[in-house]
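So the structure is just underneath, and the comments pick up after that.
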Amino acid sequence: MTSNALLKVTDLNVSYNKLHVLFNASIEVNKGEVVVIVGRNGAAKTTFFRTIAGFLKQDSGTILFKGKDIGNLPAYDIAISGLKYIHQDKHVFADLSVKENLELGSYATKDYNWDRVLEHFPKLKTLMDRKGGNLSGGERQMLLMAQSLLGTPDLILMDEPTEGLAPHFIDDLKAAFKKISQETTMMIIEQNLPLTAEVADRVYAMKEGKVVAEITEKKEIQALTFEKYL
Ligand SMILES: Nc1ncnc2c1ncn2[C@@H]1O[C@H](COP(=O)(O)OP(=O)(O)OP(=O)(O)O)[C@@H](O)[C@H]1O
Ligand SMILES: [Mg+2]
């Protein structure tokens, strides 16, 4: 069977040593969509993303990206093929400038779409020479999103981009998500349900290592509560 999905993950199982934490997870992301993954702490959301992005190896299951099996590729090759993962820890290189940090994201492909990135994140223009270590949490997240966009990826996976950010930064990021989503497909892990309601085309809920629900109706996405699925 072939699929038109940009990303199609089927029956993924992942363990840390002998500890099985992700169970038969299956999802699809279609081109142009914003898909949000919600779930409580420890639901294995990060494990799921890290496996898709090639940082962890699955025990079983398949990961098709643009129709190609990427399940055995290293993270570096997956990134080059157009799938970028923004880690949950918001790590940036403290001693490098913002510009140098940005350039690292496209180091392999030398594909630098500066105009687009600065259009989405105009504030970065004034921060270019600042050291990564001196950025606020919100600025770091902006840098990481811009870094992933610089190489014109087909799909960006973002792991809790708003975690720990002040409300005004969350509003800025929400505006950025909306603009970026017009041209780039995104899958976002997010525990902020009001934000999810505004940006998501489709939602998957995860609980205790399993994908337990797929929510496609806008009304249902807007009425999402942690009690209902999570
Ligand atoms: N490196 C690791 N070694 C062993 N166990 C791990 C490791 N990383 C995560 N786990 C365990 O795997 C399970 C899922 O963790 P994961 O970080 O994927 O959850 P999460 O849904 O992203 O949680 P959070 O919302 O807190 O980020 C947890 O029980 C966690 O303790
Ligand atoms: Mg996580």
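The values are calculated or read from the model by the stated rules, or taken from the named source; none is laboratory data. Quantities reported herein were computed from a predicted structural model and do not represent experimental measurements. Neighbour counts run over all protein chains shown; Cβ positions are idealised from the backbone, glycine included. For accessibility, only protein heavy atoms count, side chains too; no ligands or nucleic acids. Shrake-Rupley method; radii C 1.70, N 1.55, O 1.52, S 1.80 Å.
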> Here are K179, K228: which of them is over 18 Å from the mean Cα position of the chain (by Cα) and basic (K, R)?
Replying inline: K228
> Only one of these conditions is not met by L12: (1) surrounded by fewer than 22 Cβ atoms within 10 Å (Cβ to Cβ); (2) touching a residue at least 24 places away in the same chain (Cβ under 8 Å); (3) within 13 Å of ligand 1 (Cβ to nearest atom); (4) farther than 29 Å from G137 by Cβ. Which number is it?
Replying inline: (1)
>> Just to be sure I understand, how many residues within the stretch 40-77 are touching a residue at least 24 places away in the same chain (Cβ under 8 Å) and outside any loop (DSSP other than H, G, I, E, B)?
In response: 15
> In this structure, is G133 over 18 Å from L7 (Cβ atoms), among the small types (G, A, S), touching a Leu at 6+ places or on another chain (Cβ under 8 Å) and open to solvent by 10 Å² or more (accessible area, probe 1.4 Å)?
Replying inline: no
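Here is a check on your reading of the model: is I70 closer than 17 Å to L149 by Cα, among the aliphatic types (A, V, I, L, M) and either open to solvent by less than 40 Å² (accessible area, probe 1.4 Å) or out of contact with any His (no Cβ under 7 Å at 6 or more places or on another chain) (or both)?
Spelling it out, it is not the case that I70 is closer than 17 Å to L149 by Cα, among the aliphatic types (A, V, I, L, M) and either open to solvent by less than 40 Å² (accessible area, probe 1.4 Å) or out of contact with any His (no Cβ under 7 Å at 6 or more places or on another chain) (or both).
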> Would you say T126 is away from ligand 1 (no atom under 16 Å from the Cβ) and either closer than 21 Å to V36 by Cα or not in a helix (DSSP H, G or I) (or both)?
Replying inline: no
> Does at least one position in the stretch 14-28 carry a residue that is more than 16 Å from ligand 2 (Cβ to nearest atom) and in a loop (DSSP other than H, G, I, E, B)?
Replying inline: yes
> Which members of the stretch 163-213 meet the condition of being among the hydrophobic types (A, V, I, L, M, F, W, C), surrounded by 14 or more Cβ atoms within 10 Å (Cβ to Cβ) and assigned to a loop (DSSP other than H, G, I, E, B)?
Replying inline: L165, A200
>> Being among the polar types (S, T, N, Q), within 17 Å of the chain's Cα centre (by Cα) and under 26 Å from V21 (Cβ atoms) is the requirement here; does Q191 meet it?
In response: yes
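Report the residue count in the stretch 32-43 for those that are surrounded by fewer than 20 Cβ atoms within 10 Å (Cβ to Cβ) and within 16 Å of ligand 2 (Cβ to nearest atom). Give the steps one after another, and end with the answer.
Pass one, the stretch 32-43, residues surrounded by fewer than 20 Cβ atoms within 10 Å (Cβ to Cβ): 32-33, 40-42.
Checking which are within 16 Å of ligand 2 (Cβ to nearest atom) leaves us with 40-42.
Qualifying residue count, the stretch 32-43: 3.
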> How many of the residues making up the stretch 44-98 are in contact with a helix residue (DSSP H, G or I) (Cβ under 8 Å, 6 or more places away or on another chain), away from ligand 2 (no atom under 16 Å from the Cβ) and over 22 Å from G32 (Cα atoms)?
Replying inline: 10
>> Being surrounded by 16 or more Cβ atoms within 10 Å (Cβ to Cβ) and part of a loop (DSSP other than H, G, I, E, B) is the filter here; which residues of the stretch 82-106 pass it?
In response: G82, H87, Q88, K90, V92, G105, S106
> Counting only residues that are more than 14 Å from E198 (Cβ to Cβ), part of a loop (DSSP other than H, G, I, E, B) and open to solvent by less than 50 Å² (accessible area, probe 1.4 Å), how many does the stretch 214-230 have?
Replying inline: 1
> What are the residues in the stretch 104-135 that are of a type in the set (S, T, N, Q) and modelled with pLDDT of 90 or more, if any?
Replying inline: T126, N134
